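Each remark here refers to the structure printed beneath this line.
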Amino acid sequence: AIVDADLFIIDDGAGGTNRKTAASRIVTYVGANTDTRSGSAKGYCQIAAAGTLVANSYNVASITDSATGDRTIVWDTDFGNANYTAVSCGTGGNLRTNYEHSSFATGSVRLRAYDEAGSALADMESSTVGHGDQ
C-alpha cells in the first residue's frame, strides 16, 4: 500500500528535469483542484416538505423558508459571480409543479414552486443542483 512518506517522481514540465514529491502532497493537490473543475456540481441538496435539508447535501449552509412555496438556498462556498445555473425538480402534490429560480447571488439562490394555476405550493419537496465557477 502507498503511505504518505512514499515518494513519487514527476517530470517537471516535460523538460527532462525530474522532481520528487511525497504521496501526502498528492492528496493536497487533487483536493485543491476538485471543486474548480468546469461542469462539476458545486452544490446540491434535497429539501423536505417542511423546508429542512435531507441528508446528502453538498455546499449548502442553510435553507430559508420565506413564505409559502418560497425558499432561499444559502451556499457554504460562494459562486464566483451570480452567473451560474440552478436546476430543481421534485413534488408538491401536483404533477405539474413549476420551479422558478430568481435572485441569483454569489452566496444564495431563491427557489419558488407553484402549480399550473400559479398558486404557491405549501409542501414542496425538491432537489436542487448548482453549476458554475466558484
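The table below gives the values:
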read-out	value
Positions within the range 62-87 being over 15 Å from Lys42 (Cβ atoms) and not acidic (Asp, Glu), in sequence order	Ser62, Ile63, Thr64, Ser66, Ala67, Thr68, Gly69, Arg71, Thr72
Count of residues meeting criterion [assigned to a strand (DSSP E or B) and either open to solvent by 40 Å² or more (accessible area, probe 1.4 Å) or modelled with pLDDT of 90 or more (or both)] in the range 42-62	10
Close pairs from the range 64-79: first open to solvent by less than 70 Å² (accessible area, probe 1.4 Å), partner among the acidic types (Asp, Glu), Cβ under 7 Å, at least 6 apart	Arg71/Asp65; Phe79/Asp133
Some residue of the range 107-116 being open to solvent by less than 20 Å² (accessible area, probe 1.4 Å), small (Gly, Ala, Ser) and over 12 Å from the mean Cα position of the chain (by Cα)	yes
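The values are calculated or read from the model by the stated rules, or taken from the named source; none is laboratory data. Since the model is a prediction, treat every value here as computed from it, not as a measurement. A quick note on method: Cβ atoms are made from the backbone with ideal geometry, for glycine too, and the neighbour counts reach across all protein chains shown. Calculation scope for accessible area: heavy atoms of the full protein, side chains included, ligands and nucleic acids excluded. Shrake-Rupley method; radii C 1.70, N 1.55, O 1.52, S 1.80 Å.
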